[in-house]
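The structure appears right after this line, and notes come after that.
Each reported figure results from applying straightforward, stated rules to the coordinates on display, with no laboratory input. Just so it is clear, the model here is predicted, and its values are computed rather than measured. Counting neighbours? That spans all protein chains shown, and the Cβs are built from the backbone with ideal geometry, glycine included.
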Amino acid sequence: MENNGKQPRIGVYICHCGFNIAGTIDVNAVCEYAKTLPHVALARTYKYMCSDPGQEMIIADIAEHHLNRIVVAACSPNLHEATFRGALQRAGLNPYFFQMVNIREHASWVHDDRAAATAKAKDQVRAAVARVQFHKPLERKRFNVEQSVLVVGGGIAGITAALEIANSGKHVYLVEREPSIGGHMAKYDKTFPTLDCAACILTPKMSEVREHPNITLWTYSEVQEVSGHVGKFHVKVRRKPRFIDEDLCVGCMECVSACVYKEPKFEDEFNEGLGKRKPIFMPFPQAVPPVVTIDPETCLKFKTGKCKSPCATVCDRKAVNFDQTERIEEIEVGAVIIATGFKAFDATRLPLYGYGIYSNVYTSLEVERLVNSSGPTAGDIVCRDGRKPKAIGIIHCVGSRDKKTNRWCSRVCCMYSLKLAHLLREHTGADVYQFYIDMRCPGKGYDEFYERLLDEGIQMIRGRAAEVTDWTMTPEEEGKLVIRVEDTLSAYVRRVPVDMVVLSVGMEPAEGADEVRRMFNISCSKEGFFLEKHPKLAPVETATAGVFIAGCCQGPKDIPDTVAQAGAAAAHAVALLDKGYVEIEPNTAYINPDHCSGCKSCIPLCPYHAIVFDDGLKKARIDEALCLGCGTCVASCPSGSIIQNLFEDEQIFSEIDEVLSNV
Amino acid sequence: MPEKPKIAFYWCASCGGCEESVVDLAESILDVVAAVDIVFWPVAMDFKVKDVEAMPDKSILATMINGAIRTSEQEEIAHLLRRKSQYIIAYGSCAHLGGVPALANQFSREHILEYVYRKAPSVTNPAGTVPQPNWKDDGHQVTLPEFRHVVRALDQVIDVDYYLPGCAPSPKLLAAAVQALLKGELPPKGSVLAPDVALCDECPRKESKPTEVSFAEFKRPHEVIADPNLCFLAQGLICMGPATRSGCGAACITGNMPCTGCYGPPSRIKDQGAKILSSLSANVAAEDEKEIERILSGIPDPVGTFYRYGLARSLLRRRVDLKGNS
Amino acid sequence: MSERFDPKIVAFFCNWCTYAAADLAGVARMKYAPNLRTIRVMCSGRIDPQFVLEAFARGADGVLIGGCHPGDCHYISGNYKCLRRFKLLKRLVQDMGIEPERLRLEWISASEGDKLRQVVNEFVATLATMPPLNLPKRFVEWDKEVAILREQVDAAHAQEEQQEVSTHA
C-alpha cells in the first residue's frame, strides 16, 4: 500500500442532506459503524456536507487530525465528487485521496425500508473505506484547446450560436445539411405571440453569417467522422457536390430561367411539396449562401446525359460544373455545438385524421407556407381542391401527448395553432375551430395572445379529435370534412363540418439524429432527443466534455428558448476556448514495462488507438494524451500489467470484498 | 566437516513427470547430490515414513512436494513434512495450482469412483468392486486412505514457502532454486520461483504476432497444421502464453504446440482462466450477439481450456453444485 | 427456509449509462429492492471477469452488469467487449455449476431509471426463488475434511510432545 510511508488515517463524513438522506437512513448509526472500521481516525455526520461549513469541517479535520484519506457518504459523485476533491486540495491533500459513497440517489431515495437502507449505506461505506486506502496521489493533465468551434446545424439555434462565437473573435465552422441555412424558421410566416415576420428577423442573421469573417459556412454538407476529445476534436466534413461553384455563383438565377424545363416540375422541398421547382434551383429567395444547386436526381444532364445544358451556357461566370465531386474537409476544433433541430411528426402515421387521404387536410408546416406571401400561393389560402375555406378546423396534439405515437408535449403547438388561426382568419375570414386537449400557453405574452384570439372569435373545442371523415350525415355537412370530437366541456359528441383541416403536428428527433449522436458520442433521452448533462443545472452540456447542444435537438422548444439555449451553448464553448486548456481526469491507464510481456492483445481493444507497440522495448505503451480512461485494456490484459488510475484492480477487489464481507 | 543440508522429495497426486524433471538435471544432479543429503524420496530410494517421523522437527532444509492433494494420506504426509522441514516448496503445477488432477473438481467423488471402477469402457469389474476406506477381509480390518471430495493445491492443506511452477518445472528453474536454497538467497516467502512476466516475453514467435489480432474463428490444435513460425493466436489457436508465467523457455511453442498455461499466472492475477478468457473474448471480431456466440463456440470447454492446471486455485475452485460434502 | 431469503447482489455499473440511470431512478424517487451493492466503473469494458468470479466467491448470490446500449458506449465500443466476455463467462460459470440466471447483463441508458428499477426488482425476485449461493459457506464445508484431519494431526503431535516432556522429566 502506497501511503507515502504513512499509515492511512481516514476521515468519514456522512451527510444528512437535510431529510433527503437522514429521513431514510440512520446516519448516526452509519457514523458510529464507520468509527469501528480499520484506519478510520474519525467519523462525523453533518446536515449538508457540500455546503461551505461542511467543506470547511473536512479541511479543519485534515489539519487537526492529520487525516490523509477522506470518504464522504452523500449524493452521487456525479454531483459533488469535484466539490469534495476541491476541499481536499484546499487542505493541502491530494484530491484523489478521496472516495464518495452515493447513499442518496442509490439508497435513501430509492428505498423505504430504513433498516435495509442503513445496512446498504454501511456496506458501501465499508467498501469505500477499504478502497480509499489504495488510492494514490494523482494529477490532472492539461491540454491546449483548439481556438475554433464546430456548429452542426444551421437553423436558428446554429445561426445564433455561430454568430455569438464568431463575434467573440473565435473561428466557427458552421455545417448545414441542406443547400441553405435557415432551418425550419425560414419556412415560417409569422412568429407567436408578437406576430413579427419570421423572415424579417431571421434573414438579417443569415446574411450576417454569410458575411462574417470568422465563420466558415459549409452548406449541403454533413459531418462524417469525429475523433479526439474536448479541446481537440478531429472532424471530417463531407461536402456534397451541388454542381455549382459556390465562389463563382452570385445567385442571379439566369441558369434557372435557362433550364430546359420551362416550367417547375418537381416537388419543392422547401414549400413542403406544395410548390414546384426545377432541377436547378435556389430553395428560397433569401437563401444563404445565395447560390443555386443542381439536383442530379431530376436533372436531365445526369439522368440521360443528353441535355444541352443551357444553364451552363448562360452562366457568364462559368459557375456550373457537372464534374464536381464530393469533397472531404478535415478540421480540428476545440468544441462542438450540436443544433440539428427536429423533424415534424409524419401525419400519415395517424390515418384517422385523413392526412394523405383527404386533399384538404394539411399539416401545420404546410399551412405556414400557404399563408406565407412568398409561399407557393403567394399567401392566398386556396385548398388543394381549389376552394377557399369558409370553415377551418385545427386539430392539436397530432403526434404529441399520445401514447400511440409520441408521449411528450411538443410545447409549441398550442401557440402556433393560435397563430395560424389568427393568420387563417385574417386571410380568409373563415370560422376557425381549435380542437385541443389543454391549452398550454406559458411564456411571456403567450396567455395574453390566447385571450386575444378568443376575442377574435376563434372557436375553442376542448377534446381530442376522434377522426376526420368525409362521411356526411346532414345536408350541411355535404361536400365537407367532418371532425368528430367529444366536447369534454359540454360532454357531448360533436360533428364539426369544415372545408380545411390543419393538423398541428408535434416535434420528433431529427432525421439522422441517431447517427449524429453516435458520431459525437452523446446520449439521448428515451424519446430520442439529445440528453443534457443535467436537466436543470447543465441543460446545454452533454456527458461528453466539449460537446454542447442547443435548440430542438435537445427537446421541443420555441424560438425564444432556442435562441437563449444557443447563446448559452455559445458561452460555454467560448469559455472553454478562452480558458485555453482543458484538464483531463487522471483515471487513465498505463502499462508497467517491467510486467508487460509484449503480447499485443490490448492493442486492438483501444477505441482511441492510444496503445502502441514499442519496437525497441518490445512492449506495449499507452499514449497518455490519447487515453480517455475506459479501462477496457486493463480488464483484458492477460498478465495484469495495465493499471488504470483510480480504478486499479486492488481498489476494485477491495470494494467487492468489503461490500460482501458481512455475508 | 559440517553436516550437509538435508533435502526431501515427495509425490502426491501426480503423474511422475516432476520426479523425472529432477533427473532431467542430468549431470548437474551430481553437484546437487554432492552438496546435499537426500533424506526422503520414495520414488527413487527406499525410505519409510517412520524414518521421517523419527527426524527432529525442522531438520530438513527443504522438501519439494509435487502432485495435487487428493487423499487423506497425502495430507498426512504433507503435514508431517511440513513439521520436519524449514522450507516447503510446492513443486510443479499440481502442487502449485492443483494441476491436471484438479480438473476432477468438475465432478463429484462418487461420480469419479463410479466411472473409473464401473462405467469406463475399458473396465472389467463384474463384481462392481469399488475401493472402500474400511474393509473387513478374512477377519482382518483393511484400510485405505480416504479419497477426498475436493482436489487441492498444496497450500490449501499446509503452509507453503515457495512455488516452483510447471508441468514439469524446467531443470533450469530447479537448479536456480537449489542454488538459492543452498546460498540462503531466497526471495520473500510465498514467491513463485519463476519470472513474473508472461511467456510471450521469451516466446520465439513474439515478433511474428501482428498488432491487430482479432478472432473470427477459434481453432483447436488437432484441426490444423500449425504454421511453425507464426504466433498461435494469429492462427486462431488458443495459446495461454499471454496469461502464463515464463521460465519454461517456451518449450511447447518450440514443439509447435501452443501454451496450455502450466506455469500459472503472474503474481498480479487472481484467476488465470478468467484473465485469458477476458483477453480472448474481448478480441472476438464481432458485434452481433449471435455471431459472437458462434465464434466463441469454437471454445467448447472453457473450464478445461483455461483451467487445465489451475482449477483448484481458481476463484471458484470446484464445481459448486456437486453433491457430496456440501 | 422459514426466514425470507435476501439475495446479495453485486452490481458493476458503467459511469455514463447505468450508474447515471440509477442516479435518475433516485432523483425520480422510484423504489426498488435494497439488495444491490454497486461498484462504479467508468465503462462496462473495465469489468474484468475476475471481478465477477470474486464477487461470487465472496458471497454474492447474483452479479448484475450494467452498461450502455450497443452502439451507445461513451467509449465507443467498451460495451461490446463486455458483451463478448459476458457470453463466454456465462458459459464458464454455468460449467462450474452456478445457475446462469445469477449472472446478468443489462443495457440501461442514462434515461432508463425505470428500467433499472424493473431489472433490479426482477433480478432480486429471481434470485429469491433460488437457494442462497453462499460460496464462502460452501468453501468452509468443502474444507471440513481438511480441517478435521489437521486437528487430528495437531492433537496427535501435541500428545507426542506431552509424552516426550514426561519421559524426559
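Miscellaneous remarks
- Inter-part distance, region A:11-75 to region A:454-475, computed on C-alpha centroids, equals 63 Å.
- Placing +1 on the Cβ of every Lys and Arg and -1 on the Cβ of every Asp and Glu, with nothing else charged, gives chain A a dipole about its Cα centre of roughly 380 debye.
- Cβ-placed point charges (K, R +1; D, E -1), dipole of chain C about Cα centre in debye, nearest 20: 1080
- Percentage of interatomic Cα-Cα distances in region A:89-168 larger than 20 Å: 64
- Set against the 2.2 N^0.38 Å expectation for a compact globular protein, region A:532-645 has a Cα radius of gyration ratio of 1.48.
- Distance between the 7 Å Cα→Cβ label points at A:Glu139 and A:Leu489: 7.0 nm.
- For the pair region C:75-135 and region A:230-302, the centres of their Cα atoms are 53 angstrom apart.
- The lysines within cross-link reach of A:Lys120, meaning a Cα-to-Cα straight distance under 24 Å and a gap of 8 or more places when in the same chain, are A:Lys35, A:Lys47, C:Lys8, C:Lys31, C:Lys115, C:Lys137.
- Within straight-line cross-link reach of B:Lys209, lysines at Cα separation under 19 Å, skipping those fewer than 8 residues along the same chain: A:Lys600, A:Lys618, A:Lys619, B:Lys219
- At 1.567 mPa s and 4 °C, Stokes D of region A:414-504 from Kirkwood alpha-carbon radius, µm² per second: 93
- Pairs from the list A:Lys278/A:Lys318; A:Lys533/B:Lys270; A:Lys122/A:Lys403; A:Lys170/A:Lys278 with a Cα-Cα gap above 31 Å: A:Lys533/B:Lys270; A:Lys122/A:Lys403; A:Lys170/A:Lys278.
- Helix A:559-579 and the longest principal axis of the Cα set of chain A meet at an angle near 40°.
- Annotation: amide H-H contacts under 5 Å for A:Glu648 (H modelled 1.01 Å from N, sequence separation of 5 or more, or interchain): none.
- Pair-distance distribution of region C:9-133: all C-alpha pairs, bin width 10 Å, starting at 0; shares per bin in whole percent are 14, 47, 33, 5, 0.
- Each Lys and Arg contributes +1 and each Asp and Glu -1, all at the Cβ; summed about the Cα centre of the protein assembly as shown, the dipole is approximately 780 debye.
- Under 14 Å from A:Lys265, Cα to Cα: aspartates and glutamates that are on another chain or at least 8 residues apart: A:Asp295, A:Glu297
- Each residue of region B:216-226 was assigned a 3J(HN,Hα) from its phi angle through the Karplus curve 6.51 cos²θ - 1.76 cosθ + 1.60 (θ = phi - 60°); the sequence is 9, 6, 10, 10, 10, x, 6, 8, 9, 9, 6 Hz, with glycine and proline shown as x.
- 5 angstrom amide H check on B:Gly261, placed H, neighbours 5+ away: B:Met240
- Pair A:Asp380, B:Glu212: separation of 7 Å Cα→Cβ label points (nm): 6.3
- Per-bin percent of Cα-Cα distances, chain B [20 Å]: 28, 53, 18, 1
- Once Rg and the Kirkwood radius are both taken over the C-alpha atoms of chain A, their ratio Rg/Rh works out to 1.06.
- Summary value for chain A: 13 percent relative contact order, contacts being C-alpha pairs under 8 angstrom separated by 6+ residues.
- Region B:1-73 - Debye-derived log10 I(q)/I(0), Cα point model, q = 0.23, 0.24 Å⁻¹: -1.21, -1.28
- Above 60 Å, the calculated P(r) of the protein assembly as shown contains 28 percent of its Cα-Cα pairs.
- Relative contact order of chain B, defined on C-alpha pairs under 8 angstrom at six or more residues apart (%): 18
- Beta bridges per DSSP, both residues in chain A: antiparallel share near 50 percent.
- Cut-off under 5 Å, modelled amide H: who pairs with A:Ile338 long-range: A:Val152, A:Phe548, A:Ile549, A:Ala550
- Overall form of region A:10-138: prolate. Here a/c, set by the Cα gyration tensor axes a ≥ b ≥ c, is 1.5 or more, and a/b is the larger of a/b and b/c.
- Helix-only arithmetic for chain A: the sum of -39500 (n - 2.57) across DSSP H runs with n ≥ 4, divided by the residue total, places the mean residue ellipticity at 222 nm at -8000 deg cm²/dmol.
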